[in-house]
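Asks: Take a look at this one; I'll ask things after.
The values are calculated or read from the model by the stated rules, or taken from the named source; none is laboratory data. Since the model is a prediction, treat every value here as computed from it, not as a measurement. Virtual Cβ from ideal backbone geometry, glycine too; neighbours counted across all protein chains shown. Just so you know, the surface numbers come from the protein's heavy atoms only, side chains and all, with ligands and any DNA or RNA stripped out. Shrake-Rupley method; radii C 1.70, N 1.55, O 1.52, S 1.80 Å.
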Amino acid sequence: MLSVEARSLSKSYGNVPAVDSIDLSVGPGKIFGFLGPNGAGKTTTIKLLTTLIPPTSGRVSILGIDASRDPLGIRKKIGVVLQQPSYEPNLTVERSLEKYGMMWDVDSRTRRERTEELLAAFDLEDIRKKKNDDISIGQRRRVQVAREFMHDMDLLFLDEPTVGLDPSARRGLLDYIRGKVRDGLTIFFTTHILEEAEYLCDEIAIINRGRIIAVDTPDELKNKFGREKTIKIRLGGTHDISSMLEGLASYDISHDEGTVITIHSADSERALARILQVLSSNNIGVEDLSVVPTSLEEIFLKVVKDSNSNGENHGASNNQAGK
Ligand SMILES: Nc1ncnc2c1ncn2[C@@H]1O[C@H](COP(=O)(O)OP(=O)(O)OP(=O)(O)O)[C@@H](O)[C@H]1O
Ligand SMILES: [Mg+2]
């Protein structure tokens, strides 16, 4: 049974489609990353999947429960941390956790245990007696995320949980999430920090203008879209290289006045071999050679740019998340 299943899911505001016929599948125990530029439809998708808003068309099933039949049944089994800040100004940090546990009917002993565990895990112990109004924005975000772990759940949706968190708080949260996933939790989360997605996610979907334009494991995304590498060759001394490279015009090769040659190509290995041949037959030594592998960030930029230039003709819209 899939934890998240969406089929031809759409949501329009007026005539404007915010989410446009997407399919998603997330298996149990997985961490699923949902990426995309501002306004792409990530938050709208999370609101649809968590039954906070109804779809214009399409089907949602969460943990095997049909969202149109039993939205409350779904809400009892999931956690949601929305992008929007949410806190009670006059409650202290520890009371915020405690009260959230009460809302979820967690028994008092478990509440006490979890409050202590979360205060420690989210580095909130020093400010436990402070009011939400009197703590920093990043601290408030930590409280908002931490309190969601007060209750039992099978699936947790997190909409940009790490925004405003400093690097160590961010890493702390990611590792805490990993621990919970080892214990059986499934995570659906959005982020703009691509290293974060790569660090955490089993699978990543990229959404643009309401449509899913790529979905795969981080490694497979790199294989598929990241074959282009940049190779820089620094020569010993200055040479007239333009004439030497004439025969290699079919490769994407550029150079400066005569010291650095840059190859930017999906076929960079072959181009490199050819250049090295030419250099050695001209008795030119290589001083330095570097290969810059493609990052998830470059893939993201490329995939989104390609999908924008495809205009209305969204090529990959039939892609399905999941296996
Ligand atoms: N309540 C609303 N009424 C009208 N339009 C909306 C509403 N909520 C969102 N939209 C529009 O729907 C589109 C998708 O918005 P959404 O909030 O899902 O984007 P997002 O991917 O979460 O962006 P961000 O990265 O900025 O959080 C945007 O064009 C937005 O302007
Ligand atoms: Mg959003």
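Asks: Return one number: the angle in degrees, 0 to 90 and rounded to the nearest 10, between the long axis of the Cα atoms of helix 137-148 and the longest principal axis of the Cα atoms of the chain.
Replies: Result, in degrees: 60.
Asks: Given the DSSP H assignment, sum -39500 (n - 2.57) over each helix run of at least 4 residues in the chain and divide by its residue total; what's the result at 222 nm in deg cm²/dmol, nearest 500?
Replies: -10500 deg cm²/dmol
Asks: Right, another one. Using Cα pairs closer than 8 Å and at least 6 residues apart in sequence, work out the relative contact order for region 63-148, in percent.
Replies: 39
Asks: How much accessible area per residue does region 227-292 have, in Å², with a 1.4 Å probe?
Replies: Per-residue accessible area for region 227-292 comes out at 58 Å².
Asks: Among 173, 283, 262, flag the residue with its Cα farthest along the positive direction of the charge dipole of the chain, charges on Cβ as +1 for Lys/Arg and -1 for Asp/Glu.
Replies: Checking the options against the dipole of the chain, the answer is 173.
Asks: If you don't mind, there's one more thing I want to ask. Considering Cα pairs under 8 angstrom that are at least six residues apart, work out the relative contact order of region 227-292 and quote it in whole percent.
Replies: Relative contact order, region 227-292: 50 percent.
Asks: Let me ask something else about it. Tell me which aspartates and glutamates have Cα within less than 12 Å of residue 47's Cα, excluding those fewer than 8 residues away on the same chain?
Replies: Here the aspartates and glutamates satisfying the reach criterion relative to residue 47 are 159.
Asks: Now for a different question. Please report how far the C-alpha centroid of region 247-270 lies from that of region 65-133, rounded to the nearest whole angstrom.
Replies: 56
Asks: Would you work out the relative contact order for the chain, in percent, from Cα pairs under 8 angstrom that are 6 or more residues apart?
Replies: 21
Asks: Still on this structure: If you filter region 233-312 for GluC sites (Glu not before Pro), then keep DSSP loop positions with at most 12 other Cβ within 10 Å, what is left?
Replies: Counting only loop positions with at most 12 other Cβ atoms within 10 Å, the GluC sites (Glu not before Pro) in region 233-312 are 257, 312.
Asks: Run down the lysines and flag those whose C-alpha is under 26 Å from the C-alpha of residue 131, throwing out any fewer than 8 positions away in its chain.
Replies: Leaving aside lysines fewer than 8 places away in the same chain, those within reach of residue 131 are 99.
Asks: Hey, another quick one. What is the dipole size for the chain, taken about its Cα centre, with +1 at each Lys and Arg Cβ and -1 at each Asp and Glu Cβ, in debye to the nearest 20?
Replies: Taking the Cα centre of the chain as origin, the dipole is about 1160 debye.
Asks: Further question on the same structure: Looking at this model, which pairs from 30/302; 30/222; 180/222 are more than 24 angstrom apart at the alpha-carbon?
Replies: Cα-Cα > 24 Å for 30/302; 180/222; rest within.
Asks: Continuing with the same structure: Between 0 and 90 degrees, rounded to the nearest ten: what's the tilt of helix 93-103 against the longest Cα principal axis of the chain?
Replies: 70
Asks: Using alpha carbons only, how many degrees (0 to 90, rounded to 10) separate the axis of helix 108-121 from the longest principal axis of the chain?
Replies: 30
Asks: If you restrict to DSSP beta bridges whose two residues both lie in the chain, what percentage is antiparallel, to the nearest 5?
Replies: Just about 65 percent of them are antiparallel.
Asks: Next question, about the same structure. How large is the charge dipole for region 7-106, taken about the Cα centre, if only the Cβ atoms of Lys, Arg (+1) and Asp, Glu (-1) carry charge, to the nearest 20 debye?
Replies: Dipole of region 7-106, to the nearest 20 debye: 200 debye.
Asks: Then there's this: In Å², and per residue, what accessible area does region 1-113 have when probed at 1.4 Å with the other protein chains present?
Replies: Using a 1.4 Å probe on heavy atoms only, each residue of region 1-113 averages 50 Å².
Asks: Here's something else I'd like to know. Please work out the FRET efficiency for the pair residue 288 and residue 56, using the Cβ-Cβ distance as r and a Förster radius of 41 Å; give the result to the nearest 0.05.
Replies: The pair residue 288/residue 56 has a calculated efficiency of 0.15.
Asks: Relative to the present Cα-Cα distance, how much length would full extension add between residue 13 and residue 133 at 0.36 nm per residue of separation?
Replies: 39.8 nm
Asks: A follow-up question, please. Using a 1.4 Å probe on the protein heavy atoms, what percent of the accessible area of the chain belongs to carbon and sulfur?
Replies: 47
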